[in-house]
Amino acid sequence: MHSPESLGIPEAALTADGALWTAREIAQQPRMLERTHAMVAGLATQIAAFVDPVTGNPAARVILTGAGTSSYIGECLAPLLDRQLAARVDAVATTDIVSAPRLYLDPAQPLLLISFGRSGNSPESVAAVELAETLVADVRHLVVTCNADGALGKVGVRQAMTLLLPEETHDVSFAMTSSFSCMMYATLAALSGPDTLGFRVGAIARATARVIDDANTQTHALALTGFDRVAWLGSGLFKGLAREAALKLGELTNGGVATCFESPMGFRHGPKTFVTARTLVCVFVSNDPLTRRYDLDLLDELRGDGAADRVIEITAGAPHGDAADAITVPGLAQAGDVDLLWPYVAVAQLFAFHASRAMGIRPDTPNAQGTVNRVVQGVRLHPMVP
């Protein structure tokens, strides 16, 4: 009998290498996206009734918040949602809110605080909710979480609603993968309306599945090259995604690969000094015609410099250079950039996973020293000074 596989690797081998959960959770994302869509669609009326009084108010504010990977969900979505909603939309990490609450929370401005939490047990996440509840006169809390038992959904507040994602998205692995992608999808569907995504979710899921299948070999080969530095670059929505890609690689290699992130245009202004002869540069290329031209200019410049070992474009369009230096997302050449978030992040997850294994690290528990944890520990919360 053929043994089960994940990412083309026998699960027995993945188990032995401490990589099974990470592989499974990357691979399950297309299916989880469609299940997440169905969940949000089923709650559409209740969600609209809860969020509309804030999102439809030009004098109000929406804050997308979380810590680490969860905060990058907000960084990916905030620029788009700020254009779509009447209210102002910002991404502010819980770690920033907790350490400087009066800088980010306006007592007189109506607020929808959208809190992301895979486990919902990060102390900063709970503290951010409590601070908003204390400081803001008119605040609503939308909790987007993967854990039915998390503390985040149990904080006593005046107005709250919880979007509980499918149980499988509560990633067992150290690194967030399907939890990131599905919390991001649930939030976009909830605030844009699931009907606007209903005809697109199938294409997004199919493209993500194809990328996981087709880019698996290519990202594995890149990981075996042994780059000691990787720069992730993205414009617009993809700058937040580049930050998540850099974190994922740092987490899964336990800091064994130096990483940075920037926008392609911003990379020229100093961060380009990061590039050495053993550096891989990966660029998330936009579908927007104007933004794409700037992305391609930077690709040309980096390739012309010849300073980096490899420059890879991740694109939904035709490759700009040698096809061997492109990872192509099928079926979304005409899509808006927001639809590319999910197949693009799958590329970064695959590369981080293979880089971890290539270095002899166990992806499910990469930090053997215990200095970082799946749920952050060692946080001491201080009372506000009057």
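The values are calculated or read from the model by the stated rules, or taken from the named source; none is laboratory data. As the structure is a prediction and not an experimental result, all values here were calculated from the model. Please note: Cβ atoms are built from the backbone with ideal geometry, for glycine as well, and neighbour counts cover all protein chains shown.
For Val126, the stated conditions hold: it is out of contact with any strand residue (DSSP E or B) (no Cβ under 6 Å at 6 or more places or on another chain), surrounded by 21 or more Cβ atoms within 10 Å (Cβ to Cβ) and within 21 Å of Thr187 (Cα to Cα).
Within the bounds of the range 68-76, is there any residue that is over 17 Å from Leu247 (Cβ atoms), crowded, with 17+ Cβ neighbours inside 10 Å, in contact (Cβ under 8 Å) with a residue 24 or more places away in the chain and of a type in the set (A, V, I, L, M)? Taking every residue of the range 68-76 in turn, none turns out to be over 17 Å from Leu247 (Cβ atoms), crowded, with 17+ Cβ neighbours inside 10 Å, in contact (Cβ under 8 Å) with a residue 24 or more places away in the chain and of a type in the set (A, V, I, L, M). Any residue that is modelled with pLDDT under 95 and of a type in the set (Lys, Arg) - is there at least one of those in the range 188-202? Within the range 188-202 (the criterion being modelled with pLDDT under 95 and of a type in the set (Lys, Arg)), the answer is yes, since at least one residue qualifies. The test for being of a type in the set (Ser, Thr, Tyr) and surrounded by fewer than 19 Cβ atoms within 10 Å (Cβ to Cβ) holds for Thr365. Does the range 237-246 hold any residues that are surrounded by fewer than 23 Cβ atoms within 10 Å (Cβ to Cβ) and either in contact with a Ser or Thr (Cβ under 6 Å, 6 or more places away or on another chain) or β-branched (Val, Ile, Thr) (or both), and which are they? Residue satisfying the conditions is Lys239 alone. A count restricted to the range 111-123 and to residues that are surrounded by 24 or more Cβ atoms within 10 Å (Cβ to Cβ) and not in a strand (DSSP E or B) stands at 3.
Only one of the listed residues (Leu142, Leu131, Leu105) is within 23 Å of Gln46 (Cβ to Cβ), out of contact with any His (no Cβ under 7 Å at 6 or more places or on another chain) and surrounded by 18 or more Cβ atoms within 10 Å (Cβ to Cβ). That residue is Leu142.
Filter the range 308-336 for residues that are part of a helix (DSSP H, G or I) and surrounded by 13 or more Cβ atoms within 10 Å (Cβ to Cβ) and give the result. Correct list: Asp325 only.
Only a single criterion out of (1) assigned by TED's automatic domain parsing to the domain that holds Ser235; (2) touching a residue at least 60 places away in the same chain (Cβ under 8 Å); (3) more than 18 Å from the chain's Cα centre (by Cα); (4) under 30 Å from Asn254 (Cβ atoms) is not satisfied by Val347, namely (3).
Say whether the condition of being free of Cβ contacts under 8 Å to residues at least 60 places away in the same chain, within 19 Å of Gln29 (Cβ to Cβ) and not polar (S, T, N, Q) is met by at least one residue in the range 265-280. No, that holds for no residue. Yes or no: the range 14-28 includes at least one residue that is farther than 13 Å from Ser173 by Cβ and either in contact with a Cys (Cβ under 6 Å, 6 or more places away or on another chain) or of a type in the set (A, V, I, L, M) (or both). Yes, that holds for at least one residue. Tell me, please, whether a residue that is farther than 16 Å from Ser179 by Cα and hydroxyl-bearing (Ser, Thr, Tyr) can be found in the range 65-78. No, the conditions are met nowhere in the range 65-78. Of all residues in the range 90-107, which are of a type in the set (Ser, Thr, Tyr), under 18 Å from the mean Cα position of the chain (by Cα) and under 19 Å from Pro79 (Cα atoms)? Selection gives Thr94 alone.
Beta carbons closer than 6 Å, at least 6 apart along the sequence or on distinct chains, never pair a first residue in the range 308-334 that is among the hydroxyl-bearing types (Ser, Thr, Tyr) with a second that is modelled with pLDDT under 95.
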